[in-house]
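Reading through the structure tokens given below for one structure.
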Amino acid sequence: MSGNNTISHEISGIMRDEILLQRYRSGDRFPSERDLASRFDASRGAVREALSHLDQLGLIRSLPGGARVQPIDSASIGILGPLMRLKQLPDPELVDQFIQTFAAFTSLNIKNAIEKANGAELIQMKGLVVEMISYSDNFEALQPSMREFLELVSGISGNLVVRLIGNDLKAQFVEAMMQSGIKPNMSESSLRCLFNDLQASISRRDSEKASVAFGKHFEELRQATRTAIEQASQNSGRKIA
């Protein structure tokens, strides 16, 4: 990455966060290239690249006479990770929405995968479920096997749109949650219930049962994550929404 690109990245990151913190509101005129170049002691070229990135995120729109700030809800999904990282603890409502979205994508993928899988793929799915069962008592240690299973299911499902959107959301969500240190506590009995249901569903090619099982799992994960954020907030003396 060139020095100019590094500076433009820093400028766009700072200005992105200021928009997300509503220091600039929807409809406001955004600072000009000249003003930003002066503020950051940067070249007009670096500033122009930063503005282009903000435009691509949908946070500003370049118009004749200058850029205008756009509504947050008209931006791209690329702002979700930065939104979660704005504060020490992520917004619990935003985290909840992430998990709800993952639940919908995963339920669709597992349903499609069980219906489409060939014999070898079904055996591979069963093998990963057995591996996950061995980690039922350790939610953190379970994650690599769970990720491998979900990647397999996503590939078999073959829904490229869901996969690409899910990849983007997952990358932003995981990075933000790791940075925050939030770790939901999922019970061993709950995880074993999920894996037993998956075993039965795969064996019987019961796609609906598998979809319901993951729906229940993500509902419990939502509650566990909310509790973890509340506990972290109490420990840090901060209030959450």
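The values are calculated or read from the model by the stated rules, or taken from the named source; none is laboratory data. Bear in mind that the values here come from a model prediction, so they are computed numbers and not experimental data. Methodologically, a virtual Cβ is constructed for each residue, glycine included, from the backbone with ideal geometry; neighbour enumeration extends over all protein chains shown.
So in segment 127-141, with the set limited to residues that are among the polar types (S, T, N, Q) and free of Cβ contacts under 8 Å to residues at least 12 places away in the same chain, which one is nearest to LEU221 (Cα to Cα)? Among those that are among the polar types (S, T, N, Q) and free of Cβ contacts under 8 Å to residues at least 12 places away in the same chain, it is ASN138.
Can you name every residue in segment 222-241 that is under 24 Å from ALA103 (Cβ atoms) and at pLDDT 85 or above? Listed by number, the residues that qualify are ARG222, GLN223, ALA224, THR225, ARG226, THR227, ALA228, ILE229, GLU230, GLN231, ALA232, SER233. No other residue among SER62, SER38 is at pLDDT below 95 and not in a loop (DSSP other than H, G, I, E, B) apart from SER62. Among the residues that make up segment 87-103, is at least one of them part of a helix (DSSP H, G or I), over 30 Å from LEU194 (Cα atoms) and at pLDDT below 95? There is no residue in segment 87-103 that is part of a helix (DSSP H, G or I), over 30 Å from LEU194 (Cα atoms) and at pLDDT below 95. Screening the candidates LEU86, LEU59, LEU108, LEU94 for the property of being outside the structural domain of HIS217 (by TED's automatic domain parsing) and of a type in the set (A, V, I, L, M, F, W, C) yields one hit, LEU59.
Just checking, does segment 142-152 include any residue being buried (at least 18 other Cβ atoms within 10 Å of the Cβ), more than 19 Å from SER211 (Cα to Cα), touching a Leu at 6+ places or on another chain (Cβ under 9 Å) and without any contact (Cβ under 8 Å) to a residue 60 or more places away in the chain? Yes, some residue in segment 142-152 is buried (at least 18 other Cβ atoms within 10 Å of the Cβ), more than 19 Å from SER211 (Cα to Cα), touching a Leu at 6+ places or on another chain (Cβ under 9 Å) and without any contact (Cβ under 8 Å) to a residue 60 or more places away in the chain. Quick one: in segment 32-91, of everything that is among the charged types (D, E, K, R) and under 17 Å from GLY13 (Cβ atoms), which residue is surrounded by the most Cβ atoms within 10 Å (Cβ to Cβ)? Taking the candidates together, the pick is GLU49. When ALA117, ALA104, ALA141 are screened for being more than 27 Å from ILE182 (Cβ to Cβ) and hydrophobic (A, V, I, L, M, F, W, C), only ALA117 passes. Each residue in segment 1-35 was checked for being of a type in the set (D, E, K, R) and in a helix (DSSP H, G or I), and 7 pass.
Of the residues in segment 171-184, none is among the acidic types (Asp, Glu) and modelled with pLDDT of 90 or more. Annotation: of all residues in segment 124-141 being assigned to a loop (DSSP other than H, G, I, E, B) and surrounded by fewer than 14 Cβ atoms within 10 Å (Cβ to Cβ), the one that is farthest from the chain's Cα centre (by Cα) is SER134.
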